[in-house]
1. Just grab the label-to-label distance for His140 and Glu114, each label 7 Å out from Cα along the Cβ direction, in nm (one decimal).
2. Once phi is turned into θ = phi - 60°, what whole-Hz ³J(HN,Hα) does the Karplus curve with 6.51, -1.76 and 1.60 give for every residue of the range 63-75, x standing for Gly and Pro?
3. May I ask for the net charge around Glu114, where only other residues with Cβ less than 14 Å from the Cβ of Glu114 are counted and Lys, Arg are +1 while Asp, Glu are -1?
4. Considering the dipole of the chain built from charges on the beta carbon (Lys and Arg +1, Asp and Glu -1) around the Cα centre, which of Phe38, Gly71, Ile5 is farthest to its positive end?
5. For the range 34-158, give the magnitude of the charge dipole about the Cα centre (Cβ charges: +1 Lys/Arg, -1 Asp/Glu; no others), in debye to the nearest 20.
6. So which of Lys29/Lys63; Lys40/Lys79; Lys80/Lys124; Lys29/Lys115; Lys40/Lys80 end up more than 22 Å apart, counting from Cα to Cα?
7. List the residues, sorted by chain then number, that are 5 or more residues from Ser90 or on another chain and whose placed amide H is less than 5 Å from its amide H.
8. Plugging the Kirkwood radius over Cα pairs into Stokes-Einstein for the chain, at a temperature of 37 °C and a viscosity of 0.692 mPa s, what D comes out in µm²/s?
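Throughout, read-outs are computed from the coordinates displayed, never taken from laboratory work. Note that the coordinates shown come from a computational prediction; the quantities given were computed from them, not determined experimentally. All Cβ positions, glycine included, derive from the backbone under ideal geometry; neighbour counts span all protein chains shown.
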Amino acid sequence: MEIDIFSDDISIEDANLENHRIACRGIVKKDDLYLMVFIKEMGIFTFPGGGLEDGETQEECTKREIMEETGIKVKVLKKKVSITEYFVESVWTNNYFICEYIEGGFDRNLTVEEKSIGMETVWKTIDEVMDIFENYETIHEYGPNVHNREFLGFINSI
């Protein structure tokens, strides 16, 4: 499934297609809990993931990003949805994968920026995830947009 979101009533012709970032995110369920990342300095919840590197498959990116951000090893099972957001200055595609929890407790490998923004690993029930996306007041100006995208990725993956 593919979902396109256009910012501020722009059309595809208005978006800078040359500046296209591709990311991969994992939906990981262990028992009745879902793995998320909380960015403390921004008040934003996301599913673990990040940018696709040169020569890397989307599955490899998903596994690497989850390990780096959370210290959790997963098996990538299936791609469920791609969400592309179009902005005047850039285009962002986030690919959401269902992942099987394998093992936790590994050291996280956060970037300097991820450490500075207070990236934390959290586990949430499905009710808590839905409540976050419906009611949580993020403190970042783009937080509501991020939460809307993550909601679409989540609801179309479970």
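1. 1.4 nm
2. Karplus values, whole Hz, x for Gly and Pro: 4, 4, 5, 5, 5, 5, 7, 10, x, 10, 8, 10, 10.
3. Details: positive: Lys40, Arg64, Arg108, Lys115; negative: Glu41, Glu65, Glu68, Glu69, Asp107, Glu113, Glu120.
Net of charged neighbours comes to -3.
4. Going by the charge dipole, the pick is Gly71.
5. 420 debye
6. Numbers: Lys29/Lys63 14 Å; Lys40/Lys79 28 Å; Lys80/Lys124 20 Å; Lys29/Lys115 24 Å; Lys40/Lys80 28 Å.
Where the Cα-Cα span goes over 22 Å, the pairs concerned are Lys40/Lys79; Lys29/Lys115; Lys40/Lys80.
7. Asn16
8. Values: Rh = 15.9 Å.
My calculation gives 206 µm²/s for D.
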